[in-house]
1. Stretched out fully, how many nm does the piece from Arg154 to Thr93 gain, at 0.36 nm a residue minus the Cα gap?
2. I'd like the distance separating the alpha-carbon centroids of segment 42-74 and segment 140-154, in whole Å.
3. Stretched out fully, how many nm does the piece from Ala83 to Lys111 gain, at 0.36 nm a residue minus the Cα gap?
4. Figure the gain on full extension for Asn101 and Asn32 (residue separation times 0.36 nm, minus the Cα-Cα span) and round it to one decimal in nm.
5. On a straight-distance basis, which lysines could pair with Lys151 in a cross-link, Cα separation under 18 angstrom, same-chain partners fewer than 8 positions away excluded?
6. Counting only heavy atoms of the protein chains, get the accessible area per residue of segment 24-113 (1.4 Å probe) and round it to a whole Å² value.
Amino acid sequence: MIARIAAASIAAAALAAQAAETVAFVADIRGNATIEGDGKLDFLAELPAGTRLLLGTGATVAVTYAASGTEFTISGPGEFLIAPAEVRAERGTAPRKRTVNVAADPEVISKVARTANASLRMRGIQPPPVSPVALKTLSPEAIAKAEKSRKAARTFSDRVMHAFLLQDLGATQDAREAWAALARERPDLPELGVLSHRGRP
């Protein structure tokens with residue numbers, strides 16, 4: 001009996017952990033958007049399956065599933081559910097779906113996003129510097145992959161994914177420059193300012 005209860009508890013804990021696992025992140029945001037029961041939605045926020053997003057009139061959010069390379073753009077007003085592999089409209093216009101050309105490691109995306117958000121939450125605490133490495137010093141394969149990504153990066157969220165790819169490849173100097181360009185384009189997203197300084201000693 002005790003063994004069955006313990007097994008049930010372990011299974012419940014595993015299901016809860018799985019439910020809380022990040023499946024997507026916010027690659028672009030404009031306007032008023034919140035997470036149901038958790039306040040304001042932030043740029044680069046990590047989204048577990050089961051999260052509900054509430055968008056006000058005129059708001060838009062690009063949600064990217066890094067593992068599958070799929071992006072869903074949602075527009076308000078509306079209520080949207082983050083499912084394990086897609087975004088569903090529970091109220092409002094159906095999301096626009098497209099394939100993202102860049103494939104960065106989801107773990108790298110998660111680490112970089114957490115660094116930026118943690119630095120903003122703890123004002124005055126800067127993320128640890130990383131040694132600047134130029135893309136041109138990397139392998140021909142890495143350079144070719146980055147160039148293909150750069151040419152395909154047409155939208156803002158594409159350029160965000162390109163910066164993540166540079167980070168993933170280890171081209172920290174180029175990644176910093178990409179984040180800095182994005183920060184100049186979107187001064188309303190302070191996370192970009194944090195990331196543009198990561199490569200500096």
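1. Between Arg154 and Thr93, full extension yields 19.6 nm more.
2. One Cα centre to the other: 25 Å.
3. 7.9 nm
4. Working: separation 69, 0.36 × 69 = 24.84 nm, distance 2.77 nm.
Stretched fully, the Asn101-Asn32 segment lengthens by 22.1 nm.
5. Within the straight-line cut-off, Lys151 pairs with Lys136.
6. 45
The values are calculated or read from the model by the stated rules, or taken from the named source; none is laboratory data. Keep in mind that what you see is a predicted model, and the values were worked out from it rather than measured. Just the protein is used for accessible areas: all its heavy atoms, side chains included, with ligands, DNA and RNA removed. Shrake-Rupley method; radii C 1.70, N 1.55, O 1.52, S 1.80 Å.
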